[in-house]
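Asks: After the structure tokens below, expect a handful of questions from me.
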Amino acid sequence: MNSIDPTSSPTPTTASRRSFLRCGVATSLLAWTGFAAHGAAKEPAVVTPGATFSHGALPPADAVVLFDGKDLSAWQTNDGKPPAWKIENGYAEVRAGGITTKESFGDIQLHLEWASPSVVVGKDQGRGNSGVYFQGRYEIQVLDSYENPTYPDGQAGSFYGNAAPLVNASRKPGEWQTYDIVFHAPKLGADGAVIPGSFTVIHNGVLVQDHVPIKGNATTAAPAKGVVPTGPLHLQDHGNPVRYRNIWLRKLN
Ligand code: MG
């Protein structure tokens with residue numbers, strides 16, 4: 001038996017052909033302009049995480065500690081100045097621009113903890129938005145995605161504009177959340193073609209990105225573009241007072 005039964009599909013109407021053509025043209029334009037096509041993926045199911053996972057995880061012996069709750073001396077603003085983020089009670093709170101590590105990295109294992117504001121302001125992408133940009137260009141989204149609908153490839157745990165999380169493992173506003181992320185950078189082959197890298201992301205102990213390919217296209221609002229061997233980590237200021245604590249990584253190459 002044929003796997004495709006011609007009798008099961010209605011003959012395309014002129015209208016549906018036109019619709020298909022419009023979608024095709026739109027998709028081509030999106031690809032050409034570099035804008036991600038949001039909204040195609042279905043809403044990830046909610047999985048309530050356990051009460052704790054890697055909260056307060058101590059850095060292993062070979063880790064690079066980027067923020068231990070005391071100072072942001074490993075970081076700088078985009079124009080090379082000391083960050084103006086508020087530091088208190090072991091966390092740093094977003095303000096006055098994104099911050100970037102002074103050191104650059106290739107493949108890494110990253111641990112960090114974040115909390116969206118406990119007082120909910122805004123909705124959709126305007127609620128608890130920040131982000132972790134690997135090599136300053138590939139964003140794992142930070143967003144208050146607790147009962148806050150948005151396009152799936154823009155919610156917490158998404159590879160922004162590229163891949164929705166497998167599930168929504170968000171905690172409530174103001175609660176500390178953990179990201180444990182393995183990042184392999186895309187590379188340029190000898191022929192100049194991109195050899196994809198990958199993201200594996202665990203959000204609050206729940207796998208949300210499972211070895212998802214990174215094909216070298218920087219995400220929207222990325223401060224840097226292009227495929228590079230090493231690049232800095234960047235934390236986004238999207239106008240919301242998101243908090244971070246306990247940030248460390250291990251170099252994998
Ligand atoms: Mg963001």
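Asks: Computed FRET efficiency, Cβ-Cβ of SER104 and GLU175, R0 30 Å: what is it to the nearest 0.05?
Replies: Working from the Cβ atoms, E equals 0.40.
Asks: Tell me which lysines have Cα within less than 20 Å of LYS215's Cα, excluding those fewer than 8 residues away on the same chain?
Replies: Partners found: LYS187, LYS225.
Asks: Among THR48, THR150, rank each residue by its count of other Cβ atoms within 10 Å, from fewest to most, as a rough exposure measure.
Replies: On the way: THR48 11, THR150 22.
Neighbour counts put them in this order, fewest first: THR48, THR150.
Asks: Taking R0 as 25 Å, what FRET efficiency do you get between THR220 and ALA193 from their Cβ-Cβ distance, rounded to the nearest 0.05? All intermediate terms of the calculation are to be shown ahead of the outcome.
Replies: Values: r = 24 Å, r/R0 = 0.94.
Plugging the Cβ-Cβ distance into 1/(1 + (r/R0)^6) gives 0.60.
Asks: For the range 63-72, what does the Karplus curve 6.51 cos²θ - 1.76 cosθ + 1.60, with θ = phi - 60°, yield as ³J(HN,Hα) per residue in whole Hz, taken in order and with x for Gly and Pro?
Replies: Karplus values, whole Hz, x for Gly and Pro: 7, 9, 8, 9, 7, 9, x, 9, 8, 10.
Asks: Ordered by packing density, taken as the mean number of other Cβ atoms within 10 Å over each peptide's residues, highest first, how do 90-97, 232-239, 126-133 rank?
Replies: Top of the packing list down: 126-133, 232-239, 90-97.
Asks: Let me ask another. Among ALA96, ALA169, PHE67, whose Cα lies farthest out toward the positive end of the dipole of the range 43-251, if unit charges sit on the beta carbon of Lys, Arg (+1) and Asp, Glu (-1)?
Replies: Selected residue: ALA96.
Asks: Let me ask you something else. Starting from the Cα-Cα distance between LEU252 and GLN76, subtract it from 0.36 nm times their residue separation and give me the gain in nm to one decimal.
Replies: On the way: separation 176, 0.36 × 176 = 63.36 nm, distance 2.35 nm.
Roughly 61.0 nm would be gained on extension.
Asks: Let me ask another. Using Cα-Cα distances under 8 Å and only pairs 6 or more residues apart, what relative contact order does the range 134-253 have, in percent? Walk me through the numbers before you get to the answer.
Replies: On the way: 220 pairs, mean separation 30.7, N = 120.
With pairs under 8 Å counted, the relative contact order is 26 percent.
Asks: From the mean inverse distance of alpha carbon pairs (Kirkwood) and the Cα radius of gyration, derive Rg over Rh for the range 43-251. Before the final figure, lay out each step's value.
Replies: Working: Rg = 15.8 Å, Rh = 16.9 Å.
With Rh from the inverse mean 1/r over Cα pairs, Rg/Rh is 0.94.
Asks: What spacing in nm lies between the two simple spin-label points modelled at ALA57 and ALA45, each 7 Å away from Cα in the Cβ direction?
Replies: 2.5
Asks: What dipole magnitude, in Debye to the nearest 20, does the range 43-251 give about its Cα centre under +1 on Lys/Arg Cβ and -1 on Asp/Glu Cβ? Display every interim value, and only then the final one.
Replies: On the way: 17 positive and 20 negative charges, 59 e Å.
Value, rounded to 20: 280 debye.
Asks: Along the charge dipole of the range 134-201, pointing to its positive end and built from +1/-1 on Cβ of Lys, Arg, Asp and Glu, which listed residue (TYR160, ILE195, TYR146) has its Cα farthest out?
Replies: Comparing the listed Cα positions along the dipole, ILE195 ranks first.
Asks: Arrange the peptides 184-194, 139-149 so that the one whose residues have, on average, the most other Cβ atoms within 10 Å appears first.
Replies: Working: 184-194: 13.2, 139-149: 22.6.
Descending packing order for the listed peptides: 139-149, 184-194.
No value in this document is a laboratory result; all are computed from the given coordinates. Since we're looking at a predicted model, the values are computed, not measured. Here the Cβ is made from the backbone with ideal geometry for all residues, glycine too, and neighbour counts use every protein chain on show.
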